[in-house]
Amino acid sequence: MKAIPSTLFKSGALAISLAGAPLLATTPAQRPQAPIVTIDSGRIDGTTADGGVSAYLGIPYAAPPVRDLRWRDPRPVEPWSGIFHADRFGPQCVQPQRGITTNQYSGAEVTSEDCLYLNVWTRPSLKQAPVIVFLHGGGFFIGAGSMPLYAGDGIARQGAVMVNLNYRLGALGFLAHPDLSKESPHHSSGDYGFLDQIAALRWVHRNIARFGGDPDKVTIVGQSAGSMSVLALQASPLARGLFQRAVGMSGAIIGSAGPMTMRSLADAEREGKKFETLMKASDIAGLRAIPADRLVVPRRPDSPAIGPIEDGYVLPDSIESIFAHGKQNDVPLMLGFARDETLGGFGAISGLDDYRAGAAARFGDRAPAFLALYPASSDQEAQMQARLADRDQVMVAAMAAWAEAQVAHGHAPVYSYMFARPHSYTPGVAIPDIDPATAGAYHTSEVPFWLGTLDSFNRFRTTRDWTRADRDFSAAMTESLVAFARTGNPDTARFQWPAFDPRHPRLLELGAQARRGDWPDQRKLAFFQNAPVKGEPSPKTRD
């Protein structure tokens, strides 16, 4: 060991700043170091992955949002001297922990309020390559860039630079409060997680050329809550010029359809006061003094509603109004959904009587119109129609509204897909909460195909028996995503995409093969787009 003053190094999963302490060798012995790169905050090295990929993990893109910086805009990173060893992921943002039976498990579940880190995968040969910035899902209360499902080496091997990141979650990422709005220079509060994403995109704009990426060819990609984030960034004036293409996978908050409601600042501030009472605090100083792990509260119907809002700053107006006035970031868009996804909005439907009662409870005097669109005459049909309606209401109607808004009020093209390829499950292996015979193409099931991370499902338990056809199809999907990042058009020799036309909406169905097909019935989608429903579907994830 040799001493290097003011060197930043990683101990375990935490970044620690030391002055005059010995530099510890933390790079895993089995992996050679990646080349040293100089970014705007100092020099970093990384590690290597298979296929000649260099991985730079756990790079700080903003100052730790702790103590007085809790519930403030992200601040710049303090520069360091010496070399920062970017050879392991930074901690996840504070969140409820998930067990080994889920594919959101990474094997090193370290959480901290000090969590604003990003990861870069590249290859030394890449120059002015397209850049894909991936925003993880998880309902804005769980998730991290360190989760194996979101790894970027598959993207890098296909010729693009991949970046993913952590952003603040739950109350730490989306708490609005009247006193926070008063102390804010822009008189708003709440969307700190979105501000983190924007800070990461600014980091990419400043630094990605040093990793072989083109800062003027950035594509933002998100799944579930990450897809909702992509839509919010497309609508936000603060993100203007920071990306040139956008991809949304199963998630949008626009109009009356979608998986959650976008509240106003005033409504969210009232929920923030409820949270203050729940935490037995008397003011913001009291809330800032509470340990971060105690701010993680169960998501129950009686809990304060905390999530993305129309804060007046990140989102100066409703998303639908921003698009209606042509003020969105007008970039090529690719979006889609999974054929069999459902978030359980109807609850448990045992038969026809449950189905009709559920329709009456959710839609009131509109129930007859709903039942005409989704008719059922048997218990089995009732269960099937409930799942189909839940998919259309929570996912498809909102994704269609997003596509329609871009086509109506923008100039850049839209391409769309339906993922319809069930996973290949390992025979005879019991999988908690999943019946392989009925799971189908469920929510988030397309992500490992797009990112080339099929093997992440078997990292901690053997549940998938991927075939050569699965791997070939995943490679073709990744190639199409990279083509879109490079040119704004996802066409490849294998995939030919129809442009979205709301008069006769067509999509690319990604099933056993890739083929063109129709969007679901527009009359059904209009039912959910044009009027609110009673209650909100409970946010859930599968697998």
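The values are calculated or read from the model by the stated rules, or taken from the named source; none is laboratory data. Note that the structure is a prediction, hence the values are computed from the model and not measured. Neighbour counts run over all protein chains shown; Cβ positions are idealised from the backbone, glycine included. Surface areas here come from the heavy atoms of the whole protein model, side chains and all, with no ligands, DNA or RNA. Shrake-Rupley method; radii C 1.70, N 1.55, O 1.52, S 1.80 Å.
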Task: Given (1) modelled with pLDDT of 95 or more; (2) under 21 Å from Ala49 (Cβ atoms), number of the condition Pro148 does not satisfy - done: (1)
- [ ] Scan the stretch 327-369 for residues that are in a helix (DSSP H, G or I) and either without any contact (Cβ under 8 Å) to a residue 12 or more places away in the chain or over 32 Å from the mean Cα position of the chain (by Cα) (or both) and jot them down.
- [x] Leu352, Asp353, Asp354, Arg356, Ala357, Ala360, Gly364, Asp365, Arg366, Ala367, Pro368, Ala369
Task: Criterion: among the polar types (S, T, N, Q), under 23 Å from Ser256 (Cα atoms) and either touching a His at 6+ places or on another chain (Cβ under 7 Å) or open to solvent by 60 Å² or more (accessible area, probe 1.4 Å) (or both) - qualifying residue of Gln496, Gln529, Gln522 - done: Gln522
Task: Scope the stretch 342-369; condition of a type in the set (Gly, Ala, Ser), over 22 Å from Ala439 (Cα atoms) and open to solvent by less than 20 Å² (accessible area, probe 1.4 Å); matching residues - done: Gly358, Ala359, Ala367
Open item on the list: I need the full set of residues from the stretch 476-493 which are open to solvent by 10 Å² or more (accessible area, probe 1.4 Å) and either at positive phi or in contact (Cβ under 8 Å) with a residue 60 or more places away in the chain (or both), in order please.
Closed with: Glu479, Arg486, Asn489
TODO: Mind counting the residues in the stretch 229-267 that are in a helix (DSSP H, G or I) and open to solvent by less than 10 Å² (accessible area, probe 1.4 Å)?
DONE: 8
TODO: Name the one entry in Asp179, Asp214, Asp191 that is surrounded by 21 or more Cβ atoms within 10 Å (Cβ to Cβ), charged (D, E, K, R) and modelled with pLDDT of 95 or more.
DONE: Asp191
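To keep it simple, each residue is scored yes or no on (1) modelled with pLDDT of 95 or more; (2) within 25 Å of Val53 (Cβ to Cβ).
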position	(1), (2)
Arg75	yes, no
Cys93	yes, no
Asn103	no, yes
Gly107	no, yes
Cys115	yes, yes
Trp121	yes, yes
Lys127	yes, yes
Open item on the list: So for the stretch 407-414 (the condition being among the small types (Gly, Ala, Ser) and at positive phi), does at least one residue qualify?
Closed with: no
Task: Pick from the stretch 71-87, criterion part of a loop (DSSP other than H, G, I, E, B) and crowded, with 22+ Cβ neighbours inside 10 Å, ranking: farthest from the chain's Cα centre (by Cα) - done: Ala86
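Among the residues of the stretch 309-326 satisfying the criterion of being more than 19 Å from the chain's Cα centre (by Cα) and hydrophobic (A, V, I, L, M, F, W, C), which is most open to solvent (accessible area, probe 1.4 Å)?
Initial filter on the stretch 309-326 (more than 19 Å from the chain's Cα centre (by Cα)): 311-313, 316-318, 320-326.
Filter once more, keeping what is hydrophobic (A, V, I, L, M, F, W, C): 322-324.
Numbers: Ile322: 10, Phe323: 1, Ala324: 54 Å².
Once the filter is applied, the top-ranked residue is Ala324.
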Open item on the list: Can you list the helices (runs of 4 or more DSSP H) lying wholly within the stretch 370-456 that have 1 or more residues being open to solvent by less than 10 Å² (accessible area, probe 1.4 Å) and closer than 23 Å to Val221 by Cβ?
Closed with: 397-409, 447-451
- [ ] Could you list, in sequence order, all residues of the stretch 458-475 that are farther than 16 Å from Ile434 by Cβ, open to solvent by 50 Å² or more (accessible area, probe 1.4 Å) and either in a helix (DSSP H, G or I) or in contact with a strand residue (DSSP E or B) (Cβ under 9 Å, 6 or more places away or on another chain) (or both)?
- [x] Arg468, Ala469, Arg471, Asp472
Open item on the list: List pairs: first residue in the stretch 142-154 and of a type in the set (Lys, Arg), second residue buried (at least 24 other Cβ atoms within 10 Å of the Cβ) anywhere in the structure, Cβ distance under 6 angstrom, at least six positions apart or on different chains.
Closed with: none
TODO: Check off (1) among the acidic types (Asp, Glu); (2) touching a Gly at 6+ places or on another chain (Cβ under 8 Å); (3) touching a residue at least 60 places away in the same chain (Cβ under 8 Å); (4) more than 30 Å from Arg468 (Cα to Cα) for Asp379 and give me the number that stays unchecked.
DONE: (3)
